[in-house]
Amino acid sequence: MENESETFKPVTVAVDFSGSYTDFLLLRETSSARLYRASKAGRYVLLKTTKDNSGMSIAMLKREYEMSLTLNHYHIPYVFTYEQSTPVGPAIVMEYVDGRSLNEFLAEKPSLDSRRRVFDQILAVVAYIHKNGIVHNDIKPENILISRINNDVKLLDFGLSDKDAHYLTHALGCTPSYASPELLAQGDVDARSDIFSLGRIMQLIFGAKRYAKVSTRCVANNRDDRYDNVDQLIHHWRQCQKTPRIVLIVAAIALLLPLTFFVGRQSVSSVDEALTESYNALRDSLSMASQETRMYKAQVDSIEHQRALEKAAIDRRNHYRDSICKSFDDCVEKLYNKTVPIIKKERFTEFAMAKYTQEFMYTMFDIQKAFTSAKYDPEVASYITTHVSSVSSSYFDKALNLVNSMPSFRELPDEAEVQFYISILGTEPYRPYVPQE
């Protein structure tokens, strides 16, 4: 186990600059991997390579690549390909995000709303990977990147993740302070192990006292006492943020004023005086009751008016939210319809992938950022982010299916022709992902 957290420390490094990659920068080094920023075709990408190039390290790197191909979420860096030969060795080529770790973000003293938004995004992406049968196993501040533009979350490092409870190795490199007891004991783990880590992250972001009921349940030593899944955690987390409404109970006040006339052997004037006094007392009481009734009625009217305003505000918010989602859908559909003919013009899947990357994928990223970067209230932001992720995943899948349906020039019988196409492509040819049985 590692006792110290790994942090992002940009350091220039001397590497072989041959090939199509330039401007290398070592961003991060862990116990088993190195992450480089490099420039390719005028755009920065991230190269994740092994530290020792041992058979086990390369196997874990390839496993992480294959697992990443099954994930497509805005809060996970997009994986382009796996290249066997790069200037830094075998590497996963993925989206580069200019950002800082969660600890560095918190050191900037962000507002409570900003911290809530970040935690909402963390919950959303962990819920997504769990629904895809993946347990991350290493959720910690250093694996949560916050972009410098828009402060969007990117969940990193799936090297220790397990899919369908299958383990490649038990030599886990997790950080003890964020790892669940069962993970530290190298026993069986499930989604509740990540929930323990989320509880630690929650305490880091908000402190131990705020939302203590939720975070304490997350970090229970016995996993049966934790939330069963992230959706359940999200529900309780959002319930804690709701401001309780003060409901005023207005009761009708009935004033009963007894009027007793003692008429005995008194003079008529005494009777008139008694009647007059009783009448004046009754009139004053009725006037006071009328004033109180009007006051309570005004309070009831104010409450009803406030409720009407709240409902109107919710309706406006939902209409605004839905209109944004509709605009995003229209933009993505136009981009897809524009890109499909360009992809179909290519003869081979390798060249189609290049067109997919240039014409569709990068533009999709820009559209996603444009629609998720605006300042929304937390509920609207969470809804829009979820919608953008879902719709984007659908269109990415459709475009990739089209690319993968085309033949590969590797299947050509003439090796010289194959090498000719490789030289035109200028990089290691794209290999369609085929799930292993």
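Numbers below:
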{"item": "Output for the stretch 73-90, where each listed residue is part of a strand (DSSP E or B) and in contact with a helix residue (DSSP H, G or I) (Cβ under 6 Å, 6 or more places away or on another chain)", "result": "Val79, Tyr82"}
{"item": "Of residues in the stretch 79-98 being within 23 Å of the chain's Cα centre (by Cα) and of a type in the set (D, E, K, R), the one surrounded by the most Cβ atoms within 10 Å (Cβ to Cβ)", "result": "Glu95"}
{"item": "From the options Ser373, Ser327, residue that is in the same structural domain as Pro407 (by TED's automatic domain parsing), at pLDDT below 90 and of a type in the set (S, T, N, Q)", "result": "Ser373"}
{"item": "Any hit, the stretch 131-149, residues being surrounded by fewer than 20 Cβ atoms within 10 Å (Cβ to Cβ), farther than 20 Å from Ile234 by Cα and at pLDDT below 90", "result": "yes"}
{"item": "From the options Lys344, Lys355, residue that is over 20 Å from the mean Cα position of the chain (by Cα) and farther than 25 Å from Gln419 by Cβ", "result": "Lys344"}
{"item": "Hey, Thr70 at pLDDT 90 or above, over 30 Å from Gly207 (Cα atoms) and of a type in the set (Ser, Thr, Tyr) or not", "result": "no"}
{"item": "Given (1) at pLDDT 50 or above; (2) surrounded by fewer than 17 Cβ atoms within 10 Å (Cβ to Cβ); (3) within 30 Å of Pro181 (Cβ to Cβ), number of the condition Ser32 does not satisfy", "result": "(2)"}
{"item": "Residue, farthest from Arg148 (Cα to Cα), within the stretch 368-378, restricted to residues that are over 12 Å from the mean Cα position of the chain (by Cα) and surrounded by fewer than 18 Cβ atoms within 10 Å (Cβ to Cβ)", "result": "Asp377"}
{"item": "Residue check for Lys311: of a type outside the set (Phe, Trp, Tyr), in a helix (DSSP H, G or I), in the same structural domain as Ser408 (by TED's automatic domain parsing) and modelled with pLDDT of 75 or more", "result": "no"}
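For every residue, the table says whether it meets (1) modelled with pLDDT of 85 or more; (2) β-branched (Val, Ile, Thr).
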residue	(1), (2)
Leu155	yes, no
Asp164	no, no
His170	no, no
Ser197	yes, no
Met202	yes, no
Tyr211	yes, no
Arg217	yes, no
Asn221	yes, no
Ile234	yes, yes
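The values are calculated or read from the model by the stated rules, or taken from the named source; none is laboratory data. Bear in mind that the values here come from a model prediction, so they are computed numbers and not experimental data. Using ideal geometry, Cβ is built from the backbone for each residue, glycine included, and neighbour counts are taken over all protein chains shown.
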